[in-house]
1. State the three equivalent ellipsoid semi-axes of the chain, derived from the C-alpha gyration tensor as the square roots of 5 times its eigenvalues, in descending order and whole Å.
2. I'd like to compare 96-103, 112-119, 81-88: which one has the highest average count of other Cβ atoms within 10 Å, and what's the full order after that?
3. For the peptides 130-140, 4-14, what is the packing order when you average, over each peptide's residues, the other Cβ atoms within 10 Å and list the highest mean first?
4. What is the projected area of the convex hull of the Cα atoms of region 36-119, averaged over all directions, in nm²?
5. Below 8 Å between Cα atoms, with a sequence gap of 6+, how large is the relative contact order for the chain in percent?
6. Could you order peptides 25-31, 105-111 by the average number of other Cβ atoms within 10 Å of their residues, highest first?
7. With both partners inside region 2-123, how many of the DSSP beta bridges are antiparallel, as a percent to the nearest 5?
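Since every read-out is calculated from the coordinates, none of them should be taken as a lab result. Note that the structure is predicted; figures quoted are calculated from it, not measured. Cβ placement follows ideal geometry from the backbone for every residue including glycine, while neighbour counts extend to all protein chains displayed.
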Ligand SMILES: CC(C)(COP(=O)(O)OP(=O)(O)OC[C@H]1O[C@@H](n2cnc3c(N)ncnc32)[C@H](O)[C@@H]1OP(=O)(O)O)[C@@H](O)C(=O)NCCC(=O)NCCS
């Protein structure tokens, strides 16, 4: 599925369109949560994703996010970014709306982690979880 946002700008959930080298570059070199991630790991995360949504300016990959799910009870949203020069124009919100409000996963429970983007996710219907939510961190 492809969606035109404005002249030259598109959302697309076609995995084969993902510029894997560029997504790896951003996440490995610029993100705070996946710094140093190996290319093989990143490729596997794309392969295993239930859905990815890419944001494109022509052929250039300018944003990305991915979703992981058991297909029944929950979806986990991860690796959300828009390149800095394209931020603040509603593109991140549009990309995330495509991910959470369209496609087959929209009726499931969505989970995510964020350090500082709570206002963005609140616009999309996410809330701070209650005390029923727990997490088990990987061993050090
Ligand atoms: C998070 C990110 C994808 C948002 O993309 P964007 O295109 O700039 O976001 P939008 O312009 O669509 O903004 C939508 C809403 O997000 C929120 N938001 C955007 N930037 C924000 C910021 N720096 N701090 C807090 N909230 C912010 C606002 O509520 C905004 O709505 P408003 O413009 O009506 O105030 C982008 O800033 C980014 O890639 N940041 C670095 C990576 C990152 O932090 N990813 C998220 C990890 S959880």
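1. Semi-axes, largest first: 23, 19, 15 Å.
2. In descending order of packing, they fall as 96-103, 81-88, 112-119.
3. Listed from highest to lowest mean packing, they are 4-14, 130-140.
4. On the way: hull surface 25.7 nm².
The directionally averaged projection comes out at 6.4 nm².
5. 17
6. Packing order, densest peptide first, comes out as 25-31, 105-111.
7. 90
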